Amino acid sequence: MAANVARGREEQYDAIVIGSGQAGGPLAGALAKAGWKTALVERKHVGGTCVNDGCTPTKTMVASARVAHLAQRAGDYGVTAGQVSVDLAVVRKRKRDMVESFRSGSRRKLDETEGLELLMGSARFVGAKTVEAALVEGGTRTLSAETIVINTGTRPRVPGIPGLSDVPYLDSTSIMELDRVPEHLMVIGGGYVGLEFGQMFRRFGSRVTIVQRAGQLLPHEDEDVADAVREILVEDGIEVLLEAEATAVQRAEDGGIALTVGQPAGDRTLRGCHLLLAAGRVPNTDELGLHKAGIEPDERGFVPVNERLETAASGIYAAGDVNGGPAFTHISYDDYRILRANLLQGEKRSTAGRIVPYTMFTDPQLGRVGLTEKEARAQGREYRVAKIPMRWVARALETDETRGLMKALVDPESGQIIGAAVVGIEGGEVMTVLQMAMMGGVPYTAIRDAAFAHPTLAESLNTLFGVIKS
């Protein structure tokens, strides 16, 4: 790119969307179809994190890891499968093919949308309603519009560990490009990303150590839920270090990586061949020139918005992970729906009261929706707890998938479900049943007394809510 190219003639659009993630891409298409002259500026790949570096590739690889796990367990089911080995290059190709399919489909849809111009390049504000796009093919274009939407997402955070710049390390994108299974993978971070990759590579054949700074995995979850997840990982052969802070890293004498970890009992040095950084993400705002648009990012670099996704600058919005809200693809897509309704239909939709579900795709999964006990207590909410182990679930017993638990919080006055967590086989799907009950205002007693098909996982909700004594 020619950074010193003089700014060209200012081109007028009805809308400019910066970033083609799960909010930006669909919104740009919807605006163009509604007759708005729209420019969509994308720095690298159409589809955003989800399609290219997140949901699509990781869950494709998780599926391969589960097959490896089941093959290794074949004898438990009376099946002889022989020696199990993993060809990571083939796993990677399957992942790449899936990403290319999703990415090309998204790109084709945008290219075929009349009134929408897709510009491949990096965008930055140069004025209140003016954006300069430095094109991948060279040169720049200057665009102006009364409506601008920021959908630039986030990227992996690189923690400030002494010595880190002197050793090779992986993040959630580069680890999926390995073509050989690491002998010993060390993971810094005990959140969703670290746990999914940690279990995945353990099942591929790696020795795995997870280093978690907090006193529990998944710090936002209740302790019993986090403990259930930790027990599963440990049973799978993963070493989990809690209250462990990475204090230094360097190349080991054997060519590997030496990671020094501080714990209450003292320092310890781990030695492995690969290091994965899974210690959070940071917003892609540092090169946007937000101040030129009259926007001040918050202390973490996110773009502050109100309940209608409006920034402090009139006519400029921020959607998806970049606005600091829940960092999930389905929330980004819901941001798109809010903006579409407000910009095109004149509605006044907002994020207020939005139910936020999510699933962590370890195996078994963690499906979560609504309040945790910690959050309910902090809000001063009255609640009752329903909790059962997955070994009480007939379908789990039949499939020999009994690890985990089911837990729900209910309001003692109304009987409404206010939160739930399912650590178990298809936990995300079971959680969604509870989410639908929450959305429909269905009391727990109706689920307790319903006649569900036998033997299904949903049937276990009878048992779950049956533990609450009226």
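The table below gives the values:
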{"item": "Separation of the V234 and A453 label points, Cα + 7 Å toward Cβ, nm", "result": "3.8"}
{"item": "Cα gyration tensor shape of segment 312-470, rounded if a/c is under 1.5, else prolate or oblate by comparing a/b with b/c", "result": "prolate"}
{"item": "Spin-label proximity, A128 to segment 144-178 - amide N less than 15 Å from point 7 Å beyond Cα toward beta carbon", "result": "144-148"}
{"item": "Approximate spin-label separation S165-H291, in nm, with each point projected 7 Å along Cα-to-Cβ", "result": "2.4"}
{"item": "Lysines with Cα under 25 Å of K37, excluding same-chain neighbours fewer than 8 positions away", "result": "K109, K129, K292, K348"}
{"item": "Partners for K469 among lysines (Cα-Cα distance below 16 Å; same-chain residues under 8 apart left out)", "result": "K387, K407"}
{"item": "Mean-position separation - Cα centroids, segment 200-235 and segment 12-81, in angstrom", "result": "25"}
{"item": "Segment 102-143-segment 333-362 distance, computed between alpha-carbon centres (Å)", "result": "24"}
{"item": "FRET E, pair K93, R251, Förster distance 35 Å, beta-carbon r, rounded to 0.05", "result": "0.70"}
{"item": "About the Cα centre, charge dipole magnitude for segment 184-259 (Lys/Arg +1, Asp/Glu -1 at Cβ), debye", "result": "440"}
{"item": "Which label in (1) 21.7, 65; (2) 21.4, 72; (3) 24.1, 74 gives the computed Rg and Dmax of the Cα atoms in Å", "result": "(3)"}
{"item": "Cβ-defined net charge surrounding R308, 15 Å radius [Lys, Arg +1; Asp, Glu -1]", "result": "0"}
{"item": "Length released on extending from R337 to E10, taking residue separation times 0.36 nm less the Cα-Cα span", "result": "114.7 nm"}
{"item": "Packing rank of 393-401, 347-355, 180-188, 120-128, where each peptide gets the mean count of other beta carbons within 10 Å, highest leading", "result": "180-188, 120-128, 393-401, 347-355"}
{"item": "Bridge type composition, the chain - antiparallel percent by DSSP, nearest 5", "result": "60"}
{"item": "Cα-based helix-to-principal-axis angle, 88-111 vs the chain, degrees rounded to 10", "result": "40"}
{"item": "Ordering of 257-264, 325-332, 96-103 by packing [mean C-beta count within 10 Å, highest first]", "result": "325-332, 257-264, 96-103"}
{"item": "Cα-based helix-to-principal-axis angle, 329-344 vs the chain, degrees rounded to 10", "result": "40"}
{"item": "CD proxy at 222 nm, helix term only [per DSSP H run n ≥ 4: -39500 (n - 2.57); per residue of the chain; nearest 500]", "result": "-9000 deg cm²/dmol"}
{"item": "The chain, relative contact order in percent, only Cα pairs under 8 angstrom and at least six apart counted", "result": "14"}
{"item": "Contour excess over end-to-end distance, with Cα ends at R108 and V433 and 0.36 nm allotted per residue", "result": "113.6 nm"}
{"item": "Two-site label geometry, R268 and A378: point separation in nm, points 7 Å out along Cα→Cβ", "result": "2.9"}
{"item": "Length-normalised contact order of segment 164-279 in % [C-alpha pairs under 8 Å, at least 6 apart]", "result": "34"}
{"item": "Difference of contour (0.36 nm per residue) and Cα-Cα distance, S85 to V442", "result": "123.8 nm"}
{"item": "Segments 15-27, 71-83, 51-63, 152-164 sorted - mean Cβ within 10 Å per residue, highest first", "result": "15-27, 51-63, 152-164, 71-83"}
{"item": "Neighbour net charge for V181 - beta-carbon separation under 12 angstrom, K R +1, D E -1", "result": "+2"}
{"item": "Positive minus negative residues near G320 (Lys, Arg vs Asp, Glu; Cβ under 11 Å)", "result": "-3"}
{"item": "Modelled FRET efficiency - R0 56 Å, D76 with D298, Cβ distances, 0.05 increments", "result": "0.65"}
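Bear in mind these aren't lab numbers, they're just calculated from the coordinates by the rules spelled out. Since we're looking at a predicted model, the values are computed, not measured. Neighbour counts run over all protein chains shown; Cβ positions are idealised from the backbone, glycine included.
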